[in-house]
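The next block holds one structure in the form of structure tokens; read it before the comments.
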Amino acid sequence: MVAEVSTVLSQPATTSVLVLFEIGVLVTEFLMLRAHLLRSQVRLYMAQSFLVALFALVTGIHLDNNGLYAVSAMAIAVKVILVPVLIIRLLRTDQGDLSQSAVMKLPSMLYVALLASALGFFMAGPLADAGKFGGGAMMSSHVIPIELAVVFMAFVLIGFRRDVISQMVGFFSLENGITLISISIAANMPFVVEVVTFFDLLVAVVAFGLLMRLHHLKSGTLSTHALERLKG
Amino acid sequence: MKVSEMALLCIVLLPVVATLASYLLGGMWRRATTLLAGTITLLLAIVVASRVAGGGSISVGSFISADSLSAIFLVVTAFLYAATALFSIGYLRSSYGSKAGAYSDRFDRRFFVGLNIFCGAMSIALVMSNIALIWVSIEVTTVVSALLVSLEDTDGSSEAAWKYILIASMGLGLSLIGVLVLYAAAAPILGASHALQIGYLDHAHGLAAETVELAFVFAVIGFGTKMGLAPMHTWLPDAHSEAPTPISALLSGSLLAVSFYAILRFEQVTIINAGSAFPHDVLASFGVLSLLIAALFLLVQRDMKRMFAYSSVEHMGIIAIGASFGVPIALAGVMLHVVSHGLAKGTAFFGAGSFKAKFGTKEIGKISGGISALPWSGPLLLAAVAALSALPPFAIFRSEIMIVYGGMESGGGVGVVILLMLVTLAFGGLSWHTIKMVMSPDATVESPSRRGEPSIWMVVPMLFGIGGLLLLGIHPPAGFLHLMDSAARELSGRIAR
């Protein structure tokens, strides 16, 4: 049996709550872009991940889906606790701020972010329409645009900041956007696949952490301005 | 359980055992175990390939299976697993052995543990029957190979590793969206538990065409990032040039092919449900762009390994264009190209490793007299470059002829002309730089101390690679031809429906 998020979204109260969570996720993404301090960015990521966990929990309750409870629990364990703790530990050795790491000035970057989120809204149309195929509207026009906007804004964060923390947080917030998409359109994906995907994220966290530490040891900074030796 | 099913299961389990052994055992045993695991995996891959050569598939449980398409990629991955294990024995000693402190038991352990996990993840990706699990395996290859790229602990390697993991992970994020969108399209027809199973998707009709096309675009951009398709290829020259050379050989010869395999699985579903025009146009666009960028950058390279990295981008472009032609002869050519590129690029990188060990540099301008200094590796590197340049009698000559013929047959004359022009341009760059390194005279190499190979272990895998290229170019074994045809039928048969 295929879970239909549209079932959840057909209930007005639930729809409002879920859309509210998603708007919260989008706002944290914008705030990450304008954050000046490394720690602020990590805290915003924690808040964003917590909202993702809540989204999974509420959807799980309404679909009576045990897999989504597990996703919610794993999100809290890995994204709200483990990843931020790892990053904060690294920050003990480098207390710099991020104000100098932006490739362009803040207003320009926010314009780019708005364009990126608009792209998300634009691309969601065909997805939501096509989701109605076969009589089962699995994808909802309510949430998919916001989720795609989060994904594309994460790309902006990665591309327009020149420090390893922002780039790593950008990648993890990209993953948050994808988690939301997976809950919205593939809530009943086999649980084994969800668990393996989560484990995979955990491994990626470790790899990112190791490489970030290596970069810090080599260059003595978290900035990626020096990473321009390899060209051509 | 049948022998072929047992072989398939062992392909999954063997790298796990080899990884544990590499972690627990000492230096010599660690190398021996890895070499043994690679060799047995190659033999098992040949057993599996021979079983599926005539069509059909082998399955073990719900999540492990192989058909002719996956078997072709499996054979080339297993070959490079064995060849790299062999090459690494000599390479690690000759490249790091003399540097005090740089080469330690810890380095050796990390290298072989990483090598086994990397090869295991690639093999597992090829025998997974669920598209989400293919994605997971390819993501594991990214994580492990990024750590392997950074292993030499230099400024260049840490920069390359960071760029690689960031760009590849972003790409894989997009491909995961592709997986999810495909699930959304397939679940209403196939049910939640079968929606991502290849065996069901291969025969699934009636999926929403627009959704499947969207999934395909996400897959091509996402997995295409790992495959090295332009413009998402920017991580590739850095990672391939800065990684330890055996890892460069695996990245180039095998990992790019595994990512292409994932794209082909999406293409199959797209062709069945949305027709062939859209996926072929997408592949042709990325293919031509990759070929163009690689051909231009090949002309101006100053680093030997970077040059081979751009050659990989070139060949991925050729493969994408070949797949876009869609007719059986072109698809069979693509299958042959995947195998022969793996053999040739592995051999070329092994040669680059020998040159680096001998001359102490990767800079093309600082290397000369290669054929005198390295009496085996010099000519073998030259032969590998001749193969990569599609000169007869090597297998890439045969595969490119098949692709060109297929292009003409499918009415893609413009594509064929572009392909031939850009391949010729790339040939110019690649051959010019290599001939300069290998054939130009160097007065200093006549002294006996400078002549000779760094290690015989580094020569043997090159001999196997060139031998394979000659065999497939002159007289391919009948079993391999059946396998190639069967894989091409599997892909093109969907078009006919």
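Which condition from (1) modelled with pLDDT under 80; (2) open to solvent by 10 Å² or more (accessible area, probe 1.4 Å); (3) assigned to a helix (DSSP H, G or I) is the one that A:GLN100 breaks?
Unmet for A:GLN100, out of (1) modelled with pLDDT under 80; (2) open to solvent by 10 Å² or more (accessible area, probe 1.4 Å); (3) assigned to a helix (DSSP H, G or I): (3).
List the number of the failed condition for B:MET128; all other conditions in (1) open to solvent by 10 Å² or more (accessible area, probe 1.4 Å); (2) within 14 Å of another protein chain (Cβ to nearest Cβ); (3) out of contact with any strand residue (DSSP E or B) (no Cβ under 9 Å at 6 or more places or on another chain) hold.
(3)
Report, by residue number, each residue of region B:64-75 that is surrounded by 24 or more Cβ atoms within 10 Å (Cβ to Cβ) and of a type in the set (A, V, I, L, M). Outline the logic, then answer.
Filtering region B:64-75 for residues surrounded by 24 or more Cβ atoms within 10 Å (Cβ to Cβ) gives B:66, B:68-74.
Selection gives B:ALA66, B:LEU69, B:ALA71, B:ILE72, B:LEU74.
Can you name the number of the only condition in (1) within 14 Å of chain A (Cβ to nearest Cβ); (2) open to solvent by 10 Å² or more (accessible area, probe 1.4 Å); (3) not basic (Lys, Arg) that B:ALA243 fails?
Of the numbered conditions (1) within 14 Å of chain A (Cβ to nearest Cβ); (2) open to solvent by 10 Å² or more (accessible area, probe 1.4 Å); (3) not basic (Lys, Arg), the odd one out for B:ALA243 is (2).
Can you name every residue in region B:158-195 that is closer than 19 Å to A:ASN176 by Cα, hydrophobic (A, V, I, L, M, F, W, C) and within 20 Å of the chain's Cα centre (by Cα)?
Passing the criteria: B:ILE165, B:ILE167, B:ALA168, B:LEU172.
Kindly check whether there is at least one residue in region B:179-186 that is facing chain A (nearest Cβ under 10 Å) and either at pLDDT 95 or above or in a strand (DSSP E or B) (or both).
The answer is no; no qualifying residue exists.
When the residues of region A:195-205 are narrowed to those that are open to solvent by less than 50 Å² (accessible area, probe 1.4 Å) and more than 9 Å from every other protein chain (Cβ to nearest Cβ), which ends up modelled with the lowest pLDDT? If you could, list the steps in order and put the result at the bottom.
The first filter runs over region A:195-205 and keeps only residues open to solvent by less than 50 Å² (accessible area, probe 1.4 Å), leaving A:196-198, A:200-201, A:203-205.
Next cut, more than 9 Å from every other protein chain (Cβ to nearest Cβ) only: A:198, A:205.
Values: A:PHE198: 72, A:VAL205: 77.
Within region A:195-205, the match that is modelled with the lowest pLDDT is A:PHE198.
Restricting to region B:46-71, what's the tally of residues that are in a helix (DSSP H, G or I) and in contact (Cβ under 8 Å) with a residue 40 or more places away in the chain? Talk me through it step by step, then tell me what you get.
Going residue by residue through region B:46-71, those that are in a helix (DSSP H, G or I) are B:46-52, B:68-71.
Right, trim to in contact (Cβ under 8 Å) with a residue 40 or more places away in the chain and you get B:47-52, B:68-71.
Summing the residues that are in a helix (DSSP H, G or I) and in contact (Cβ under 8 Å) with a residue 40 or more places away in the chain in region B:46-71 gives 10.
If a residue must be among the β-branched types (Val, Ile, Thr) and at pLDDT below 80, how many such residues does region A:103-134 contain?
Keep residues of region A:103-134 that are among the β-branched types (Val, Ile, Thr), which gives A:103, A:112.
Subsequent filtering for residues that are at pLDDT below 80 retains A:103.
Total satisfying the criteria: 1.
Are any of the residues in region B:22-42 open to solvent by 10 Å² or more (accessible area, probe 1.4 Å), touching a Gly at 6+ places or on another chain (Cβ under 7 Å) and modelled with pLDDT of 95 or more?
Taking region B:22-42 and keeping what is open to solvent by 10 Å² or more (accessible area, probe 1.4 Å), we get B:23-29, B:31-33, B:35-36, B:39-40, B:42.
Now restrict to residues that are touching a Gly at 6+ places or on another chain (Cβ under 7 Å): none.
The answer is no; no qualifying residue exists.
Can you name the residue in region B:209-221 that is within 11 Å of another protein chain (Cβ to nearest Cβ) and open to solvent by less than 10 Å² (accessible area, probe 1.4 Å) and is also modelled with the lowest pLDDT among such residues?
Restricting attention to region B:209-221, the residues satisfying the condition of being within 11 Å of another protein chain (Cβ to nearest Cβ) are B:209-215, B:217-218.
Add one more test, that the residue is open to solvent by less than 10 Å² (accessible area, probe 1.4 Å), and what stays is B:211-212, B:215.
On the way: B:THR211: 87, B:VAL212: 92, B:ALA215: 93.
Filtering first and then ranking leaves B:THR211.
Please determine, by comparing only the residues of region B:334-368 that are over 14 Å from the mean Cα position of the chain (by Cα) and hydrophobic (A, V, I, L, M, F, W, C), which one is surrounded by the most Cβ atoms within 10 Å (Cβ to Cβ). Walk me through how you get there before you give the answer.
So the first thing to find is which residues in region B:334-368 are over 14 Å from the mean Cα position of the chain (by Cα), and the list is B:350-368.
Retained after the next criterion (residues that are hydrophobic (A, V, I, L, M, F, W, C)): B:350, B:352, B:355, B:357, B:359, B:364, B:367.
Details: B:PHE350: 33, B:ALA352: 27, B:PHE355: 26, B:ALA357: 23, B:PHE359: 21, B:ILE364: 19, B:ILE367: 23.
Filtering region B:334-368 for residues that are over 14 Å from the mean Cα position of the chain (by Cα) and hydrophobic (A, V, I, L, M, F, W, C), the one surrounded by the most Cβ atoms within 10 Å (Cβ to Cβ) comes out as B:PHE350.
Can you confirm whether region B:97-114 contains a residue that is aromatic (Phe, Trp, Tyr) and without any contact (Cβ under 8 Å) to a residue 40 or more places away in the chain?
Narrowing region B:97-114 to residues aromatic (Phe, Trp, Tyr): B:103, B:107, B:111-112.
Remaining after also requiring without any contact (Cβ under 8 Å) to a residue 40 or more places away in the chain: B:103.
Yes, that holds for at least one residue.
Name every residue in region B:269-300 that is closer than 17 Å to B:SER241 by Cα, open to solvent by 10 Å² or more (accessible area, probe 1.4 Å) and either of a type in the set (Asp, Glu) or in contact with a helix residue (DSSP H, G or I) (Cβ under 6 Å, 6 or more places away or on another chain) (or both), in order of residue number.
Quick first cut of region B:269-300, residues closer than 17 Å to B:SER241 by Cα only: B:294, B:297-300.
Next cut, open to solvent by 10 Å² or more (accessible area, probe 1.4 Å) only: B:297, B:299-300.
B:PHE297, B:LEU299 - these are the residues of region B:269-300 that are closer than 17 Å to B:SER241 by Cα, open to solvent by 10 Å² or more (accessible area, probe 1.4 Å) and either of a type in the set (Asp, Glu) or in contact with a helix residue (DSSP H, G or I) (Cβ under 6 Å, 6 or more places away or on another chain) (or both).
Answer yes or no as to whether B:GLY61 is surrounded by fewer than 24 Cβ atoms within 10 Å (Cβ to Cβ) and within 25 Å of B:ILE138 (Cβ to Cβ).
Values: surrounded by fewer than 24 Cβ atoms within 10 Å (Cβ to Cβ): yes; within 25 Å of B:ILE138 (Cβ to Cβ): yes.
So B:GLY61 fits the description; yes.
Pairs under 8 Å by beta carbon, first residue more than 14 Å from chain A (Cβ to nearest Cβ) in region B:277-304, partner open to solvent by 30 Å² or more (accessible area, probe 1.4 Å), six or more apart or different chains?
Within 8 Å, the pairs are B:PRO279/B:GLU213; B:VAL282/B:VAL217; B:VAL288/B:ILE418; B:LEU289/B:PRO231; B:LEU291/B:ILE418; B:ALA295/B:LEU425.
The values are calculated or read from the model by the stated rules, or taken from the named source; none is laboratory data. Keep in mind the model is a prediction, meaning the values are calculated, not measured. In this analysis, Cβ positions are derived from the backbone assuming ideal geometry, glycine residues included, and neighbour counts consider all displayed protein chains. Quick note on the areas: whole protein, heavy atoms, side chains included, nothing else; ligands and nucleic acids left out. Shrake-Rupley method; radii C 1.70, N 1.55, O 1.52, S 1.80 Å.
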